[in-house]
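First the structure, in the form of structure tokens, and then the observations on it.
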Amino acid sequence: MPDQNHDYGDRSLHSAWIEQESNGLYTCGVYIENGRIIDGPDGNLKKMARYLMDNYPIILFTTPNQDLLFSNIPDEMRGRFEEDMKRFGYGSRNGKSYSTLRLLSGACVGRDTCRLTYTDSEKFEPFLLDELEVKWGGMAESIGITGCERQCFRPATKTIGWVGSAFNMYQLKLMGTEDGRHQGRHLKDPKTGEIYLRMVKRQDVGMITDVLFEFYTANRLPDESRPGGMGYFHSRIGMEAIISHLKENPRTAKLMKPMKVVVNTRL
Ligand code: SF4
């Protein structure tokens, strides 16, 4: 019988260098924004992957987070391996190193790759992060975006989930935690059953996220200041308090109109 109480531990994105216990070789975990291995102004990642595969004795894996693992690298090759990655422009966007918030966030493919999508996800997330990381780049929290409720990137298991609800519209999910142990849900008032922020315009997503980060940093307890503490802050204060704050905040108040909808709120 499998152990029903087995603890799988915290979520790991397998970033950076990992020593392989079995043989003393190393694996390099390489962040690929939204899984797009492409050549562009922010690095020639496709050429880089090809070059590394041709010039090192490595085995390549992909991760559930859409990143790459280059494994079986001898210790003495690690310095040259890093230099080669930099040569192809790996590690930065718009001339700046990937922020912590960017490294922990992501999106599904969405438009135009997925025929089920309502709206952009992979094509929206990098620009949302550009907007947010000016102020919040050091935040060790995760934002997940998908183009529809099928939620292939699991936005409800991120601190802040934005799930496509129509063309250029997103619904907010909170209560998930960056460590993957808690699942997010709609902003549903537990007393009235009313749901908020189910149809948010794309241009308002960054502003609402900013308000949520401000609310968290101003009111968190010392223990909730740790990386990944924001979801636990949300759980402590509860959905009612979050909804109240968003109704009172002058920037979000006008958007806090309850929706009278009959939906499967487990989605
Ligand atoms: S979440 Fe929806 S839009 Fe995104 S890949 Fe899955 S089915 Fe497609």
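Key figures for this structure:
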| item | result |
| --- | --- |
| Between 0 and 90°, nearest 10: helix 125-136 axis offset from the chain longest Cα axis | 80 |
| Relative exposure of TYR51, TYR90, judged by other C-beta atoms within 10 Å (fewest first) | TYR51, TYR90 |
| Euclidean distance between Cα centres, the stretch 118-162 to the stretch 13-74, Å | 23 |
| Additional length obtainable on full extension of the chain from GLN183 to GLU76, 0.36 nm per residue less Cα span | 34.3 nm |
| P(r) histogram, all alpha-carbon pairs of the chain included - 5 Å bins from 0, percent | 1, 6, 12, 16, 17, 15, 12, 9, 6, 4, 2, 1, 0 |
| THR113 versus TYR8: modelled label distance in nm, points set 7 Å from Cα along the beta carbon direction | 2.2 |
| nm² value of the averaged projected area, convex hull over the Cα atoms of the stretch 16-95 | 5.2 |
| Mean Cβ neighbour count within 10 Å, used as a protection proxy, ranking 127-137, 162-172 highest first | 162-172, 127-137 |
| Backbone HN-Hα couplings from phi across the stretch 222-234 [Karplus 6.51/-1.76/1.60, Hz, Gly and Pro as x] | x, 5, 7, 7, 5, x, x, x, 5, x, 6, 4, 4 |
| Cα pair distances of the stretch 100-255 binned at 5 Å [whole percent] | 2, 10, 20, 24, 23, 14, 5, 1, 0 |
| Cα-based equivalent ellipsoid, the stretch 1-145: semi-axes from gyration tensor eigenvalues, Å | 26, 22, 16 |
| Calculated [θ] (222 nm, deg cm²/dmol) that DSSP helices of n ≥ 4 give over the chain, each run adding -39,500 (n - 2.57) | -9000 deg cm²/dmol |
| GNM result for the chain, Cα springs below 10 Å: residue of PRO227, PRO126, PRO41 fluctuating most strongly | PRO41 |
| Burial ranking of peptide ranges 10-20, 95-105 (average Cβ count within 10 Å, highest at the top) | 95-105, 10-20 |
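We did not get these values from a lab; they are worked out from the coordinates using the rules stated. This structure is a prediction, so every number in the text was calculated from the model and none was measured. Glycine gets a Cβ as well: all are built from the backbone with ideal geometry, and neighbour counts include every protein chain shown.
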